[in-house]
Every structure is written in C-alpha cells, then in structure tokens.
Amino acid sequence: MTAWPMRDTHSRDGYDNQASGEQSVLGRRMAALRRLVDLSRTRLPRQLLAEADRVLDAADARERLSRRYTTVAIAGATGSGKSSLFNALAGTRLSQAGMRRPTTATPVACSWEVPGAGPADGLLDRLGIPPSTRRLMRQESDWRGRIDEGARSELEGLILIDLPDHDSAAEGHREQVERLLRLVDAVVWVVDPEKYADAVLHERYLRPLAGYAEVTFIVLNQTDRLPGDATGAVLNDLRRLLDEDGMALGEHGEPGARVLATSALVGEGIDELRTELASFVAERRAASLRLSADLDVVVQRLRPSYENQGPVTGVNAPTGLTEDVREVFSDQLARAAGAMVAGQAAERAWLRSAERACGTPWAQLHHWYEGRRSRKRVAALAAAETDVELGPGVDEVSGEATVDAAVHMPGGDAPEGAAGQPHGDPLLDMDATRRYGDDEDGSALPGPLPGGDGRPRVARPVVAHAVRTVVEQAAAGLPETWRRSVREAAWRGAAGLPEALDEMLREGAEPDGWSSQGAASANRRSEHAETAAPEARHPAPPRRPFWWNLALVGQLFLLLVQLGGAGCVVAASLGVDLVPHWVGVVVLVGGVLGGSLLSWGCRFAARGPAAEHGRREEWRLRRLVTGCGQVHVLEPVAAELLRYREVREQYVIAAGDGATL
C-alpha cells in the first residue's frame, strides 16, 4: 500500500492566522489600487488600465468564493506526461493519457471536497470547467495502491486541473491554457528531459511568470528515461535556466518555485510531490499569494506613470506650485494687466493733484488752460479717426489696433503702448496719467482706470507666456502622462483668463456698482470675490489730505500779499506814496517767492504719499489679477497636482513592503 506521509508539523490554526494576516494586507493593497485607478483612470494608457481592472475583477471574484479550496493547474507541452502525472496524483485514471497528440482537449478537474464547505462548483464555474469533466474525490482509489483516510484528509481543498497542451496545434487549446493560467491559484509546470529547455516554454510562460514563483511548481517528469545520475545534472541545468528567467527558487526554506523530479510511469517522486501539494493546500495562502503576485506585476507596470522623472523623489517631494512659482505667475499677470504702469500713473496723478492743490494760483490757471486745450485736441483727433476707413484688426469703436489682432501679427507682439506692455509710447502713458482725475477745477484726486469701452486691456501674449511658465515649473519632474494632464488643466482654465482679466479691470473703473458683465463675472468668481478686500473690488478715491487745505490757505494769503505789494508799487508809480517804494517791491517779491517756495515744499512733501498711493494702486491691481489667475489657472493646476500626490501615496500602499517612489 502506498500511504501518503502524515506531517505532524501542520498547524491549522497557524496557517489560518497567517492566511488571515495576508488577506488583510492584500485587502489594503487592493483598495489602494482601486483608489489609484479611479483617480487616474483618464490618465493611464488603455492597456495598463485594462490590466489593472482585470486584477481588481479577479480579486473581487476570488474573494466571493471559498478560500478553503485551492485551484492548481497542471500545464505542460505535448508529450511531457502531464496527464499521466495528473492521474498519478489523483490516484485513479481520470484524464486520458496516450501516444495520440494532443491527448487532452478539454480541461479535466479533480476536487477533494472539504467537509462542511460544500462542493467547489463556484470555483469550477469561474474557471469554465465543463460539468462533464469534473471529478469529486470521495471514495478510495485502487490505482497503484490505496490512499488511506489520513492521506485523504490532507488533500482536502485541492482542485487539480489537467490543462490542454500549451504547444498544441489544435485551434483554441492555447487560448484555454492562457485563460486558465490567469485564473488558477497555482501552476505545476511539467517538463520532460528532452524539452525542458524549450525556448517557447521559457520565453512565453516561465519568464513572464517569474513573479509568480511562490505559486509555481516545476516538475521534471519521465526521469525513468534518464540513465544513472543524469537526473541530478538535468535538474541543475533546469535550475540554471529558471534563474536566468528571473524565477526565484524555493530552496533552503526561502520562498520561491519548487523544483522536483518525478516519473509518473514508475511512481518515482509522486509521494514527494503529493506532500508538497498537501502542505501548500493546507496553508490556504495560495489565493492570496497569487493575487499578490498579480498585484505586484500590475504595480510594477504602473510605476513609470507615477515615478518622478528627475532627481527629486519621495511621496512628499516639493513638486508643484511653490511660493516662487505662484509669485512669478502673479508678476507676469500683473505685467500683462499693466499694474506697474497703473501704479506709476497713479503716483504721477497724485503729484499733479498735489501740485494743483498746493501750487500758486497762476500755475493752477495755466494748468486749467492747458488741460482744456488738450481735451479739445484729443476730441478732434478722435473725430478724425472715426472718419478713416477701418482696416483688419482695428477696433470699430476706438479705431485702435486690438491686442487680439496683435497676437496674429508677425512676431505675435501687442502694439506698443498697449496696457501691460513695458516701454510703451510715452504719449499713451501720459494719456493713462491723464485718466487719473483731470477735472477742470484742478481739484480732482486720482481715481481708478476707466475701461467701459470694452477694449482688451490685457496683453494676451504675456498671459499665454505666464501660463506656459507656470505649467513648466509646476509640472517639472512629473511623468509625461501627468505633465500632459497638468498642461490640459491649466489651458482649460486659461481659455477665458484674458477676458476675465479685462472684466476685472473694467470693474475697477466702476466703484459705485457693477456693470452687467461685471455682475455675471462676479457670480462665476464668487469664491475669490467673497474673500477679496472691498477696496480691491471697489477702490474708493483717496481722501484729500488736510495739509493741502492749509497750503491752499497759504497760497491765498501769499496771493493777497502779492496783490498788496503790486498795489503799492503801482500806487508809487502813480505818485501816491502809501508806503515807501522799496517796501512795495519787497512785499511783491516776497509774495511771489513765498508762493513758489510753498509750492516747491508741498511738491517735495507729496512725494512720499504719492509713492504710497502708487504702490497701493499697483497692489490693488495685482490682487485683482492674482485672484483671477488663482481661480482660472492655479486652482485647476493645484487640484491636478494634489491628485497626483494622492495617487502616489496610493501607489506606495498598493506596492506594499515599504515600497517608495
């Protein structure tokens, strides 16, 4: 009688605890992979996505089925004797073995039922084994001896499957083999002394499946055909080939593939193989090991999609929107919107207002006269321009070339003097300066830039350059897939950024209320508009400094002094000696010099407040364009980078064993 050796070292509780721990770890890894795929589904190549979905579906399907059963497939080439080995392990003739090739046309399954667990029909249905080729082992067999009940208890939970030949010429056999190899928990590869080094076997199966070493058995069958001690030499050469394939070998207690020698014909090595399978099944770890191997393979293939393409590594790597990147982006948007030019214009307007408020009455009269002439000249020029035939790229209302048209000009530059263009035409700059409160009485204070004419105020090329810069800096070092994703997110938001910036500038020109377009824009940007300071959205004119009034009183007093001195001089010239002649001259000259000195002193004193007002106006416009750029570009980019950071964290969890990127 051939009795199956009993192993007293089997501890079912120990196996169950180990299997439970592995299932818990596997569950966390699978959950991380599922989250990773969900977050980056539109960012992965279709082939990788299909592979990841297949692993997740396989894990779900296997989880719904009993883990008290272990599916083990016997695979091999034509003539390797795998069907004979299958029959030897089953202890009876279940699969047809013979000289005809191919012998096995349909998978044959032999199941050892687990008491209380019910039949394994669910697993067999998943594998697609026809009911006609299923065998359930419940009674003893008389093929080459009897299997005692103790041995039979060790086989409980084993589902042994005889596959068709992987090199069969029959149509569909190879597809069946490859389908079942993706579904079974473990594989016994049967090779013979003649074809154990077959290139097809190693290149198509063993090498790609090197990561599944812990659920792989390599059996050298038909050793009865080898003379003397040639079996050892062939086994050593087989191990060498497996090592070249990258398959770890489970020797000296290390995890890996088991390599054994058998002869199904004479029964040599069958007991050892049975013992190995019995121990393997008793651990109930096969399903977890197989799914872990599947997970390892797909995670390794996904690695290039989540690994930084530069020297910076680590989950918390400082890749993305740093403060420097945000500051550069804000500076470029401010340049496009002409924030610096507006600040300088506001400073000049303040100085001019101070000069008019504190200057001599004669200087104020001169400014009033020159301002009136300038307004008439500008009105006449505008009327003449409206009579000129308009060319392409010219605004029909203003008669000026638009910034959009400039983008399509050779070189793509905006016309000189356009808002936001540095070193523009000084005349346009003076015009911008005149926009800051130029009332006839000379008492107006600086106000916001008007922009109700609907013309573009923002330099489109500068905005485009700002977006390109922030994309390049924020996506530096990212994998190509995620660089493209960040780029697309930025340009989707930037599509309406110039128009939004134009509206921002137009809104700044209406401190008493919103235009219809501004109200619509405010609804779209309610998030940052709520947090913006009221003065940033509705800039109030600065209050008239109190010392201007004192200076005005002083100028009026000095004007009276001048008039008094002039009167004394005139009276003296007419022979009326009200006071000595020289006194009138001194009073007149003193009044004139005093007024000039007072005007010069006020102009000097106004430099500090004027510079502060210019900085405040520049800061206001910077805050407006920064908030607009934040909503349209930076937030979508930040969301994409946050998604990338999260998927990297999920990748590390899915990779397991302390893996890093």
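Just so you know, all these numbers are worked out from the coordinates, no wet-lab data involved. The model shown is predicted, which means the values in this text are computed figures rather than measured ones. Methodologically, a virtual Cβ is constructed for each residue, glycine included, from the backbone with ideal geometry; neighbour enumeration extends over all protein chains shown.
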- Pairwise FRET efficiency - Leu593 versus Asp324, Cβ, R0 = 51 Å, nearest 0.05: 0.40
- Efficiency of FRET between Ala380 and Glu635 - r from beta-carbon atoms, R0 30 angstrom, step 0.05: 0.05
- Task: Using label points projected 7 Å from each Cα along Cα→Cβ, tell me how many nm separate Val585 and Glu171, to one decimal.
- Result: 12.8 nm
- Query: At Asn236 and Glu251, where each label point lies 7 Å from the Cα along Cα→Cβ, what is the point-to-point distance in nanometres?
  - Reply: 1.0 nm
- Task: Evaluate the distance, in nm, between pseudo-label points positioned 7 Å from the Cα of Glu488 and of Glu244 along their respective Cα→Cβ axes.
- Result: 4.4 nm
- Message: Report the gain in length on full extension from Ala476 to Ala105: 0.36 nm times residue separation, minus Cα-Cα distance, nm rounded to one decimal.
- Response: 128.0 nm
- Fewest-first sequence of Leu49, Leu277 by Cβ atoms within 10 Å of each Cβ: Leu49, Leu277
- Query: Would you list Leu574, Leu597, Leu558 from fewest to most Cβ contacts within 10 Å?
  - Reply: Leu574, Leu597, Leu558
- Item | Residue-span extension gain [Val266 to Glu307] - 0.36 nm each, minus C-alpha spacing | 9.4 nm
- Query: What FRET efficiency do you get for Ile653 and Thr469 if R0 is 22 Å and r is their Cβ-Cβ distance, rounded to the nearest 0.05?
  - Reply: 0.05
- Order of Ser288, Ser330 - criterion: other Cβ atoms within 10 Å of each residue's Cβ, fewest first: Ser330, Ser288
- Identify the residues of region 596-619 with backbone N under 12 Å of a label point that sits 7 angstrom from the Cα of His366 along the Cα-to-Cβ direction, or state none. 596
- What per residue convex hull volume, in Å³, do the alpha-carbon atoms of region 69-285 yield? 123 Å³
- How much length, in nm to one decimal, is gained on full extension between Glu499 and Leu181, taken as 0.36 nm per residue of separation minus their Cα-Cα distance? 108.6 nm
- Message: Quick one: the Cα spread of region 573-661 along its three principal axes, in angstroms, biggest first?
- Response: 112, 25, 11
